[in-house]
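First comes the structure, then the notes that go with it.
The values are calculated or read from the model by the stated rules, or taken from the named source; none is laboratory data. Predicted model only: the values in this text are computed from it and were never measured. Every residue, glycine among them, receives a Cβ derived from its backbone with ideal geometry; neighbour counts consider all protein chains shown. The protein model used for the area step is the full one, side chains on, heavy atoms only, and it has no ligands, DNA or RNA in it. Shrake-Rupley method; radii C 1.70, N 1.55, O 1.52, S 1.80 Å.
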Amino acid sequence: MSQLTHLNANGEAHMVDVSAKADTARTAIAQSQVELTPVIVAAITDNSLPKGDLFATVRIAGIQAAKKCSDLIPLCHPLPLSKITVDIELQGQSLVITALCKTTGKTGVEMEALTAASVAALTVYDMCKGLDKGMVIRETKLLEKTGGKSGDWSSND
């Protein structure tokens, strides 16, 4: 097992020093799924949600969340994100949210992509809870990452 990098010699949490690492192009893709109820699926399909444009609001929330990741996750480094996309697709009774983050830097963007997907899913709940609170947020996960010392990784590997 590798050493826990976020603990110092005394076992205390600290932010890792990445200053000696080389800048490399890095990407990460994460996904979250929200299981909907039939009432909510109908409202999305009819574009009749009382709170307005679900997809635009969810997309903006995910983008904002990725940009604020280091404010939310204590040991994450603030990163200059060069690209953030949040795609939302209705698949049957579920909304599938896929977030992509890119940067060129010393540390990866996995947490930014996961935060974007998570907050986007929470925003779906917030936007739809007035119609039915029976939604379930499921399977927030990293799909893939590229770049950095550890190389590329995919959940399909």
> Using every alpha carbon pair in segment 1-80, what percent of pairs falls into each 5 Å bin from 0 up to the bin containing the largest distance?
Replying inline: 3, 9, 13, 16, 15, 12, 9, 8, 6, 7, 2, 0
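In segment 1-126, carbon and sulfur make up what percent of the accessible area (probe 1.4 Å)?
Solvent-exposed carbon and sulfur of segment 1-126 make up 56 percent of the total.
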> Ignoring the sites themselves, what is the longest stretch of the chain with no trypsin sites (Lys or Arg not before Pro) in a DSSP loop and at most 10 other beta-carbon atoms within 10 Å?
Replying inline: 1-132
>> At 222 nm, what value in deg cm²/dmol follows for the chain if DSSP H runs of at least 4 each add -39500 (n - 2.57) and the sum is divided by all its residues, to the nearest 500?
In response: -8500 deg cm²/dmol
> For the pair residue 5 and residue 72, what calculated FRET efficiency results from E = 1/(1 + (r/R0)^6), where r is the Cβ-Cβ distance and R0 = 35 Å, to the nearest 0.05?
Replying inline: 0.95
>> Give me a comma-separated list of calculated 3J(HN,Hα) values for segment 123-131, in order, Karplus coefficients 6.51, -1.76, 1.60 applied at θ = phi - 60°, integers in Hz, x for any Gly or Pro.
In response: 5, 4, 4, 4, 6, 10, 4, x, 8
> Residue by residue, what Karplus-based ³J(HN,Hα) values in Hz, rounded to whole numbers, does segment 97-113 have, using 6.51, -1.76 and 1.60 with θ = phi - 60° and x for Gly and Pro?
Replying inline: 10, 10, 10, 10, 10, 10, 7, 10, x, 9, 9, x, 10, 4, 5, 5, 5
> When the Karplus curve 6.51 cos²θ - 1.76 cosθ + 1.60 is applied with θ = phi - 60°, which whole-Hz ³J(HN,Hα) does each residue of segment 76-91 get, with x for Gly and Pro?
Replying inline: 7, 7, x, 10, x, 6, 9, 7, 9, 10, 10, 9, 10, 9, 7, 10
>> With every protein chain kept in place and ligands, DNA and RNA left out, what is the accessible area per residue of segment 1-131? Probe 1.4 Å, answer in Å².
In response: 53
> What relative contact order, as a whole-number percentage, does the chain give when Cα pairs under 8 Å and 6 or more residues apart are counted?
Replying inline: 36
> Over the heavy atoms of residue 48, what accessible area does a 1.4 Å probe trace out, to the nearest 10 Å²?
Replying inline: 70
>> Under the rule of at least 5 residues apart or a separate chain, name every residue whose amide H is placed under 5 Å from the amide H of residue 94.
In response: 36
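Do the alpha carbons of any pairs in 21/141; 51/145; 106/133; 129/149; 102/133; 68/149 sit beyond 31 Å of each other, and which pairs?
In this structure, 51/145; 106/133; 129/149; 102/133 exceed 31 Å between Cα atoms.
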